[in-house]
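A short worksheet on the structure shown next.
The values are calculated or read from the model by the stated rules, or taken from the named source; none is laboratory data. In this text the structure is predicted, and so the values were computed from the model without any measurement. All Cβ positions, even for glycine, are placed from backbone atoms using ideal geometry, and neighbour counts span all protein chains on display. Accessible surface areas use protein heavy atoms only, side chains included; no ligands, DNA or RNA. Shrake-Rupley method; radii C 1.70, N 1.55, O 1.52, S 1.80 Å.
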Amino acid sequence: ASAASAAAGPDLTARGRAADAFALARGGRTGIVVRDRTTGETWRNAEAGSAFRAASTVKLAIAVDVLVRARAAGRPPDRADLAAVRSMIVSSDNAAAGRLWSAGTAARLAGYGLRDATGTGAWGTVRCTPEDLERLVTYVLERTHPADRDLLVGLLRAVVPEQRWGVLGAVAGARPGGKNGWVPGPAGWSVATVGFLGPAERYTVAVMTAGPAGTDFLAGVRTVTGTVTTLVLGLS
């Protein structure tokens, strides 16, 4: 079942309900959040506040942390750190994430929107909610320094072709940008996507899934991509 924000307009609500119905038919659990940054309207389903495996979506928070800390210190990011940020976002480089992750990073996640993050002993074990991820991408778009925002938006649009699904695979011409995550588990794959699309990055979207048991990575990819496509089709 889905639950719409009271402020959401009928078009966003109708799209949300259709996306939720699509995801439910796919099986497993799916959490969905979409926000219209122009109007402030938000739609979320019943699982939007539930915890899922963040997988590689947390790399966006790690990238934000590197840039925010450098900015606070009044210096440009270390060249090696900046190269790791690029690899982490564009090709989802695990080694780069491991290089940049620390206990300090984990402690700062809530400040970037991941208020409900748990399992933060290592980046690959983080669990968070779709609402966390939507707050994270909103932080990128609305709270980072303009130069850092431009860098991150550019990297999120430059993801390698084989990872252009989810938000990145949803709508041609909408100039999407996003970060995907995927990890196998005993209850099936957890696959997630977070990002933005539309003129001036108007819509922020987060979709996270778990299972159902026995399904593979590609099934999860189809679920998140189909959910995002249903959600944003026809929005302008």
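Some notes on this structure:
- Scanning the stretch 97-110 for residues that are open to solvent by less than 10 Å² (accessible area, probe 1.4 Å) and either over 20 Å from His145 (Cα atoms) or at pLDDT below 95 (or both) gives a single hit, Ala97.
- A single entry from Ala73, Ala48 fulfils the requirement of being open to solvent by 30 Å² or more (accessible area, probe 1.4 Å) and modelled with pLDDT of 95 or more: Ala73.
- Residue list for the stretch 168-223, filter: of a type in the set (Ser, Thr, Tyr) and under 18 Å from Ala158 (Cβ atoms): Thr193
- Selection from the stretch 112-139 of residues that are touching a residue at least 24 places away in the same chain (Cβ under 8 Å), over 11 Å from Gly49 (Cβ atoms) and either aromatic (Phe, Trp, Tyr) or in contact with a helix residue (DSSP H, G or I) (Cβ under 8 Å, 6 or more places away or on another chain) (or both): Tyr112, Gly113, Leu114, Ala117, Trp123, Gly124, Val126, Leu133, Leu136, Val137, Tyr139
- Restricting attention to the stretch 201-236, the residues that are among the small types (Gly, Ala, Ser) and at pLDDT below 95 total 5.
- Being at pLDDT 95 or above, more than 15 Å from the chain's Cα centre (by Cα) and of a type in the set (S, T, N, Q) holds for only one residue in Thr129, Thr57, Thr125, and it is Thr125.
- Positions within the stretch 111-134 being surrounded by 23 or more Cβ atoms within 10 Å (Cβ to Cβ), assigned to a helix (DSSP H, G or I) and not acidic (Asp, Glu), in sequence order: Tyr112, Trp123, Pro130, Leu133
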